[in-house]
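Report on the structure given below.
Please treat every number below as a calculation from the coordinates, not as lab data. On a predicted model such as this, the values are computed, not experimentally measured, just so you know. Neighbour counts are summed over all protein chains in view; Cβ atoms, including those assigned to glycine, are modelled from backbone coordinates with ideal geometry.
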Amino acid sequence: MKISELSISRPVLATVMNILVVLIGIIAYQSLPVREYPNIDVPVVTVDTSYPGANAKIMESQVTQILEDSLSGIEGIDFMSSKSRSEQSQITLTFKLDRDPDSAASDVRDRVGRVRGLLPEDIDEPIVAKVEADAQPIIWIAFSSDRHSALQVTDIAERQVRDPLQTVAGVASVEIVGERRYAMRIWLDRTRMAAYSITSQDVEA
């Protein structure tokens, strides 16, 4: 028996079935997940470079521009932006949605490594990091040693720990907090500096 024949011969049953279909549709509609802003992770990779003592103009010409020229050829870039300020350069690469973030970060590290020899020797190693809009630190790792100083522990964390962790799938970025740096205190002789027409900024540079 066809549905049409059943509906004609048994109208009450057909009415009940129609009501059930409508009720199920209403319940399903109300339970549908609705987001005003869908949870979309746009692949974004940043390159941060520090150059102690350099002004914004030097950062732009000797660091940012060289890195941009190398990074511009990476496949899948949607757009690229950069900021150059005193002692700091930051390049942000936004990739198309179909680009894998881990693969994109790997390509960026490769391009940065190719031009590392063209950058000033005194710069800190460029930091390549994957960025997510809602990223929050989820793991903290503490380092201590009875045989090494705080400066040595910082050096070990930078050279042997940070880079391997950055290549782990799903890791957006690795930051070292509370690191110890070598410092030097210099007393300037104003009289001799004036004789040579040297300013404190010249000494710092």
In the range 1-94, the trypsin sites (Lys or Arg not before Pro) that sit in a DSSP loop and have at most 15 other Cβ atoms within 10 Å of their own Cβ are Lys2, Arg35
What is the spin-label model distance, in nm, from Lys83 to Ile139 if the labels are put 7 Å beyond Cα along the C-beta direction? 2.8
Rounded to whole Hz and in sequence order, give me ³J(HN,Hα) for the range 138-146 from the Karplus expression 6.51 cos²θ - 1.76 cosθ + 1.60, θ = phi - 60°, writing x for Gly and Pro. 10, 9, 10, 10, 9, 10, 8, 8, 8
The chain, relative contact order [Cα under 8 Å, separation at least 6], %: 21
With Cα atoms, 0 to 90° folded angle of helix 11-30 axis to the chain main axis: 10
So I have (1) 17.3; (2) 22.2; (3) 19.0, and one of them is Kirkwood radius over Cα pairs in Å calculated from this model. Which one is it? (2)
Test item: Cα-centred dipole of the range 136-205, Lys/Arg +1 and Asp/Glu -1 on Cβ, debye: 200
Just check the range 82-162 against the gyration tensor rule for me: Cα atoms, a ≥ b ≥ c as the square roots of the eigenvalues, rounded for a/c under 1.5, and otherwise prolate or oblate depending on whether a/b exceeds b/c. oblate
Applying the Karplus parametrisation 6.51 cos²θ - 1.76 cosθ + 1.60 with θ = phi - 60° to the phi angles of the range 160-176, what ³J(HN,Hα) value in whole Hz is obtained for each residue in order, glycine and proline being reported as x? 10, 10, 4, 4, x, 5, 5, 8, 5, 4, x, 7, 7, 7, 10, 10, 9
Cross-link partners among lysines for Lys57, C-alpha distance below 27 Å, same-chain residues fewer than 8 apart left out? Lys83, Lys130
Report, in degrees rounded to the nearest 10, the 0 to 90 angle that the Cα long axis of helix 101-114 makes with the longest principal axis of the chain. 20
If I model a spin label at Leu20 and Leu118 as a point 7 Å from the Cα along the Cα→Cβ vector, what separation in nanometres do I get? 7.2
Rank Pro101, Pro11, Pro164 by mean-square fluctuation in a GNM of the chain with C-alpha springs under 10 angstrom and give only the top-ranked residue. Pro11
In deg cm²/dmol and to the nearest 500, what is the mean residue ellipticity at 222 nm of the chain if only DSSP H runs of at least 4 residues count, each as -39500 (n - 2.57), divided by the residue total? -10000 deg cm²/dmol
Pairwise FRET efficiency - Ser72 versus Arg180, Cβ, R0 = 41 Å, nearest 0.05: 0.65
Order the peptides 141-148, 167-174, 105-112, 70-77 from the highest to the lowest mean number of other Cβ atoms within 10 Å of their residues. 105-112, 70-77, 167-174, 141-148
